[in-house]
Amino acid sequence: MVMTQRQYPDGHDSPRECPRGHELRAGQVIVGWSPCQCPPCLERGRGLRGHHTYLCRDCHDDGYTTVAYFPYHVPAEGAAIRWP
């Protein structure tokens, strides 16, 4: 699923919607960080090797857990684990 993004003045992109279509607005999203060494994260350089995570509180209220990752998580070829 392709999510639309918004860009902040510092160049940081964040999703506008969760994978289920809820708007990720102030008070309805929990922003976090997940360290990862998948190829997109390794390309970002030292200190940036991980994903910004966006947990949708609307989905949580509906009984679902949806998390958006930026950059997108792409498992390394032959990786045994797909989760960041």
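The values are calculated or read from the model by the stated rules, or taken from the named source; none is laboratory data. Every value quoted in this text rests on a predicted model; they were computed, and no experiment measured them. Here Cβ is always computed from backbone atoms with ideal geometry, including for glycine, and neighbour counts include all displayed protein chains.
Below are the figures for this structure:
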| quantity | calculated |
| --- | --- |
| Region 9-43, residues that are assigned to a strand (DSSP E or B), surrounded by 14 or more Cβ atoms within 10 Å (Cβ to Cβ) and at pLDDT 85 or above | Glu17, Val29, Ser34 |
| Selected residue [in contact with a Lys or Arg (Cβ under 8 Å, 6 or more places away or on another chain) and at pLDDT below 85] from Arg6, Arg46 | Arg6 |
| Cross-chain or 6+ apart pairs with Cβ under 6 Å, region 49-64 first and charged (D, E, K, R), then surrounded by 17 or more Cβ atoms within 10 Å (Cβ to Cβ) and not in a helix (DSSP H, G or I) | Asp58/His22 |
